[in-house]
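Input: a single structure, listed below in structure tokens.
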């Protein structure tokens, strides 16, 4: 029987050896890449149909006077008129910006402070601590649901549960959701109450802080507050940064609770006229979809700018340990 040998490398003219190209491996890699694109195709189609194409269309509409009822083929190109109106002659726009900034600047820090405080309390080996973690996280599962917003509005009505509780301690309540001075604050309380998601992230970060650092600080005579300020916060700074970026974006995007509380008007007296609610009113109530598209793109650029500012300034206060960069 004749022995067969596998094809070996070929020799070049100068005597050097050149290995044969592994054509089979190349074909396998090509097939794997094609299979990967096939499995990704539903996501890619969804990205194009639900996100990319509508975004490009809204960018085009922001330069038109599109009003939903007019066919796209008949819309009038108005150039920068929508943007000029937004910045120069629409007082409701700047009022919505003011309300949204007030909401984000107050609710987001308080929400993060509550999440961190509860995470510190639950970062202990107490009996039943798992149950308390689940209970504190539960409100975050409800998210920005309409049902939760309706319950919240009813709680803070004149005859709501909150006023009933105040009556038990001899305090006269008020229609909080109908009072222009307090309506937005009730939305802030709702946002702060849903601190479960950042709390879980803070808990995960606290588990990664080495106990040796606290032991060394105790040996040096550091108080609990000093340990928190000089050990816990610096070690948690990447987690704080992560939560700060996410919660700030979520704070600017608040819509559902403000819509339910005001019946889609931003009342009382425009006190809950959040940016996204004002955008909705412009596009679907006033049928000014071109103007609403311009508002949406300014909002997108503003969120992007805020994110860039966070990442640019984070290097001054976010401290990464070795291997975390």
- Would you mind finding the one in 314, 283 that is assigned to a helix (DSSP H, G or I), closer than 23 Å to residue 262 by Cα and touching a residue at least 60 places away in the same chain (Cβ under 8 Å)? 283
- Note on the structure: When every residue in region 172-182 that is assigned to a loop (DSSP other than H, G, I, E, B) and in contact (Cβ under 8 Å) with a residue 60 or more places away in the chain is compared, the one surrounded by the most Cβ atoms within 10 Å (Cβ to Cβ) is 179
- Item | Check on residue 296, in contact with a helix residue (DSSP H, G or I) (Cβ under 9 Å, 6 or more places away or on another chain), surrounded by 15 or more Cβ atoms within 10 Å (Cβ to Cβ), free of Cβ contacts under 8 Å to residues at least 60 places away in the same chain and closer than 26 Å to residue 92 by Cβ | no
- Query: Looking at (1) within 16 Å of residue 258 (Cβ to Cβ); (2) in contact with a helix residue (DSSP H, G or I) (Cβ under 6 Å, 6 or more places away or on another chain); (3) at pLDDT 90 or above, which is the one condition that is false for residue 101?
  - Reply: (2)
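Residues checked against (1) modelled with pLDDT under 75; (2) in contact with a strand residue (DSSP E or B) (Cβ under 9 Å, 6 or more places away or on another chain); (3) in a strand (DSSP E or B); (4) surrounded by 10 or more Cβ atoms within 10 Å (Cβ to Cβ):
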site	(1), (2), (3), (4)
1	yes, no, no, no
13	yes, no, no, no
20	yes, yes, no, yes
24	yes, no, no, no
36	no, no, no, yes
42	no, no, no, no
46	no, no, no, yes
54	no, no, no, yes
57	no, no, no, yes
- Message: With the requirement that a residue be touching a residue at least 24 places away in the same chain (Cβ under 8 Å) and over 22 Å from residue 186 (Cβ atoms), what does region 121-150 give you?
- Response: 122, 123, 133, 137
- Item | Among (1) over 30 Å from residue 152 (Cβ atoms); (2) under 24 Å from the mean Cα position of the chain (by Cα); (3) part of a helix (DSSP H, G or I) - the single one residue 259 does not satisfy | (1)
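For region 250-281: of the residues being within 21 Å of residue 54 (Cα to Cα) and either in contact with a strand residue (DSSP E or B) (Cβ under 7 Å, 6 or more places away or on another chain) or at pLDDT 95 or above (or both), which is surrounded by the most Cβ atoms within 10 Å (Cβ to Cβ)?
275
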- Pick from region 61-76, criterion farther than 18 Å from residue 280 by Cα and part of a helix (DSSP H, G or I), ranking: modelled with the highest pLDDT: 74
- Query: Within region 195-227, how many residues turn out to be in contact with a helix residue (DSSP H, G or I) (Cβ under 8 Å, 6 or more places away or on another chain), part of a helix (DSSP H, G or I) and either surrounded by 14 or more Cβ atoms within 10 Å (Cβ to Cβ) or free of Cβ contacts under 8 Å to residues at least 12 places away in the same chain (or both)?
  - Reply: 16
- Out of region 88-120, which residues are without any contact (Cβ under 8 Å) to a residue 24 or more places away in the chain and more than 17 Å from residue 273 (Cα to Cα)? 88, 89, 109, 113, 117
- Task: Taking residue 185 as meeting all but one of (1) within 19 Å of residue 270 (Cα to Cα); (2) part of a helix (DSSP H, G or I); (3) touching a residue at least 24 places away in the same chain (Cβ under 8 Å), write down the number of the exception.
- Result: (3)
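The values are calculated or read from the model by the stated rules, or taken from the named source; none is laboratory data. Bear in mind the structure is a predicted one, so any value in this text is a computation, not a measurement. In this analysis, Cβ positions are derived from the backbone assuming ideal geometry, glycine residues included, and neighbour counts consider all displayed protein chains.
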